Amino acid sequence: MTKVQLEVRGRVAVVTIDNPPVNALGAAVREGLANAVKAANADAAVAAIVIASAGKAFIAGADISEFGKPPAAPSLPDVLDAIEGSAKPVVAAIQGVGLGGGLEVALACHGRVALPGAKLGLPEIKLGIIPGAGGTQRLPRLIGAAKAFPMMLSGEPVSAGKALEYGLLDEVVSSDVVTAAIRLAEALAAEGRRPVTSAATGELTEADREAFEALAREALKKADGMPNVLALVEAVRASFALSFAEGAAVERKLFLSLVADERSKALRHVFFAEREVAKVPGIGPEVKPREIASAAVIGAGTMGGGIAMCFANAGIPVTLIETAKAALDNGVNRIGAIYDISVSRGSLTPEAKAGRMALIKPAVGLAAAAGADIVVEAAFEEMGVKQQIFGELDKVAKPGAILASNTSYLDVPTIAAATKRPQDVIGMHFFSPANVMKLLEIVRPQGAADDAIATAVALGRKLAKVPVVVGNGFGFVGNRMLERRTRAAERLLIAGALPHEVDAALVGFGFKMGPFAMADLAGNDIGWRSRKARGLKAAVADAICEAGWFGQKTGRGYYIYPQGARAGQRCPEVEALIARISAEQGVTRRSFTQEEILARLLDPMVNEGARILEEGIAARPGDIDIVWINGYNWPAWRGGPMFWADSVGLDLIVKRLEAQAAEIDDKALEPAPLLRRLAAEEKGFASLKG
Ligand code: 3HC
């Protein structure tokens with residue numbers, strides 16, 4: 001079937017793009033568009049042209065899967081030049097999204113009509129690139145750089161209403177957008193002169209240039225060296241200084257070099273991995289999620305409160321349950337205070353806050369969970385506690401309700417065994433702060449019903465999370481790998497590195513925080529308690545906790561925090577304590593380069609990731625990457641740990657792990673069989689796809 005159809009209606013040629021699912025501008029579409037515009041121009045019976053689309057989207061942009069492959073003619077800029085250069089006026093009929101190259105198609109047209117639900121944007125920046133088919137030149141000329149630049153910098157689309165206000169659209173119609181576009185096209189044709197092109201229109205004034213330069217200065221300050229932001233500023237600047245053709249050439253050159261950059265490759269990987277993660281092996285569209293109209297959350301602590309907020313934010317009524325009134329009141333007050341911060345920042349109206357608080361119904365006692373379609377338990381992380389709660393829930397919860405535990409480490413089937421309905425028991429592991437962090441690990445124990453998992457996935461999306469289905473096993477995916485990094489960080493201290501050096505290596509890599517600053521923020525006592533429960537020791541971490549240095553909340557941890565400061569300072573006492581422990585263990589301390597530190601922290605994580613894949617705890621390497629990007633702030637432009645490993649080369653990672661394993665008594669450092677096999681075959685984790 002052809003992806004672009006041409007139909008002449010009266011004196012107007014309607015060109016319809018039909019390339020499911022989102023009308024991306026792959027080679028066949030580009031060719032079809034170019035041919036259709038040419039044919040319409042050659043047809044004497046045609047006075048004007050409309051570009052429309054089939055399906056929900058207008059056009060979602062260039063076909064991202066073609067990036068990095070040899071270019072196929074015609075290029076998008078050439079097609080758009082042909083549209084803009086058409087002797088007969090061309091009008092875009094926009095429904096749904098017009099993004100990236102999709103908006104660029106519309107910009108090359110001589111008129112634009114849209115439905116109210118349309119969304120228009122240039123999201124290229126999120127893929128590490130900039131618009132590459134004239135967007136940086138046409139949009140500023142059409143609506144002014146002071147409006148165009150922020151759209152391209154944020155990548156966020158604007159509504160049809162906003163686009164109309166900006167002058168980006170000529171008309172918004174409530175229905176039948178194609179008929180409205182035909183009407184506009186006929187009117188433009190009736191004017192009888194060559195259509196005015198967006199490239200020729202002039203919103204670019206001196207005042208606009210000054211406004212843009214002020215915005216550009218701000219953007220460059222925050223850019224942190226990201227080449228796409230630098231390129232965007234350069235391209236938009238060119239729209240003031242150069243002719244359209246020269247500016248477009250500057251843009252194209254910058255675009256092509258960014259597409260080839262490792263950072264954009266990583267972000268494209270993340271784009272596709274995020275979509276793949278939504279596909280759960282063995283659960284097809286025939287498995288229908290159960291309806292979730294109400295929820296209950298057990299435990300009104302920080303975690304439970306955050307989870308209740310997620311439900312309220314999504315408009316789902318939620319009963320927040322505690323064992324005693326005092327704890328419940330505390331929890332509700334904490335939630336109110338968090339919403340108040342949003343109100344004071346202007347991101348939430350007082351009315352919206354009131355609406356959300358009204359959805360949260362505090363209650364004492366598990367009986368209040370009786371009416372809920374889903375119950376999320378966020379009580380103390382101890383098997384006995386969880387089993388008791390699930391045993392009771394089994395008695396009160398309604399039949400078919402999903403019973404989910406927000407456990408971070410515990411065995412979900414053991415929790416499920418406390419009920420007579422293990423098919424309805426799953427894990428839903430939120431990340432702190434639960435109302436902010438995007439990741440949701442959905443733990444799928446053997447015996448859980450497929451529709452229970454499908455329900456959790458659908459619900460996760462409704463809660464604005466990135467749900468990742470993982471297998472049952474200690475620490476699931478994220479925390480299991482984190483534990484390898486935590487151990488490596490402790491070992492580095494004993495071997496000779498200092499906390500600030502270890503943290504600096506990870507911050508230099510792109511994390512917001514290193515492991516020690518993070519531990520101080522979260523509270524060192526949490527890990528200490530968990531180690532004690534499991535009979536584990538970590539000499540430095542334990543000594544710090546024994547001294548009562550639990551982190552920011554006690555004013556000191558690995559660092560000192562004078563008067564509640566959030567940024568820690570080096571602590572001579574901690575550094576002396578570390579040196580003493582090295583001496584006690586007979587270790588001659590040595591210095592480490594940042595590169596060595598990174599390898600020691602990250603290679604063991606990759607190794608654990610390989611085991612997680614071998615055991616089927618994660619379905620795909622990309623799933624692990626999504627976990628780390630959304631739950632642990634792994635920099636997205638580094639693509640996640642498994643993508644990073646591929647970029648380093650698995651052979652090198654195996655060699656480095658072998659060297660560590662020879663020096664350190666830790667079996668976990670032995671390269672995993674899957675890692676060895678891929679390295680021997682000179683392949684990467686990416687080869688495991690599909
Ligand atoms: N290229 C290739 N495939 C794309 C695509 C694109 N631009 N946009 C979406 N898809 C695919 C997805 O991979 C997915 O495939 P799958 O079903 O096989 O997993 C399918 O379309 C549906 O996508 P979503 O699951 O994301 O569907 P949603 O309905 O949730 O969202 C969307 C639709 C808002 C269009 C979203 O997909 C999106 O934001 N797409 C990317 C838009 C974008 O970044 N465009 C700019 C591209 S770069 C560019 O145009 C350069 C130019 O300046 C030269």
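Every number here is computed from the coordinates shown, using simple stated rules; none is lab data. Keep in mind that this is a model prediction, so the values were computed, not measured. Every residue, glycine as well, gets a Cβ built from its backbone with ideal geometry; the counts of neighbours run over all protein chains shown.
Quick test for you: out of I283, I292, pick the one residue that is part of a loop (DSSP other than H, G, I, E, B) and in contact with a Lys or Arg (Cβ under 8 Å, 6 or more places away or on another chain). The conditions single out I292. Hey, can you tell me all the residues within region 14-23 that are surrounded by 14 or more Cβ atoms within 10 Å (Cβ to Cβ) and either among the β-branched types (V, I, T) or free of Cβ contacts under 8 Å to residues at least 60 places away in the same chain (or both)? Across region 14-23, the qualifying residues are V14, V15, T16, I17, D18, N19, V22. Among the residues of region 22-48, those that are out of contact with any helix residue (DSSP H, G or I) (no Cβ under 8 Å at 6 or more places or on another chain) and within 15 Å of the ligand (Cβ to nearest atom) comprise V22, A28, V29. Only one entry of V443, V502 meets the criterion of being over 22 Å from the mean Cα position of the chain (by Cα), of a type in the set (A, V, I, L, M) and crowded, with 19+ Cβ neighbours inside 10 Å, and that entry is V502.
When region 15-50 is filtered for residues that are farther than 27 Å from E66 by Cα and of a type in the set (A, V, I, L, M, F, W, C), the ones remaining, listed by number, are A40, A42, A44, A45, V46, A47, A48, I49. Looking only at residues of region 37-54 that are surrounded by fewer than 23 Cβ atoms within 10 Å (Cβ to Cβ) and touching a strand residue (DSSP E or B) at 6+ places or on another chain (Cβ under 9 Å), we find that the one that is nearest to C109 (Cα to Cα) is A52. Applying the criterion of being hydrophobic (A, V, I, L, M, F, W, C) and assigned to a loop (DSSP other than H, G, I, E, B) to the residues of region 49-101, the residue that is farthest from the ligand (Cβ to nearest atom) is A87.
Taking the criterion of being without any contact (Cβ under 8 Å) to a residue 60 or more places away in the chain and surrounded by 11 or more Cβ atoms within 10 Å (Cβ to Cβ), the only residue of region 276-288 that qualifies is K279. Taking region 523-598 as the region of interest, the helices (runs of 4 or more DSSP H) fully inside it that hold 2 or more residues being surrounded by fewer than 19 Cβ atoms within 10 Å (Cβ to Cβ) and within 33 Å of the chain's Cα centre (by Cα) are 524-534. Residues of region 107-151 that are among the hydrophobic types (A, V, I, L, M, F, W, C) and near the ligand (Cβ under 10 Å from one of its atoms): L122, I125, L127, I129, I130, A133. Can you say whether A505 is of a type in the set (A, V, I, L, M) and closer than 22 Å to P641 by Cα, as far as the supplied structure shows? Yes.
All conditions but one from (1) within 26 Å of the chain's Cα centre (by Cα); (2) surrounded by fewer than 18 Cβ atoms within 10 Å (Cβ to Cβ); (3) small (G, A, S) apply to A308; the one that does not is (2). Cβ-Cβ contacts under 7 Å between residues 6 or more apart (or on different chains), taken from a first residue in region 221-235 that is touching a residue at least 24 places away in the same chain (Cβ under 8 Å) to a second residue that is part of a loop (DSSP other than H, G, I, E, B), are listed as P227/D261; N228/G128; N228/I129; N228/I130; V229/A223; A231/I130; L232/I130; A235/I130.
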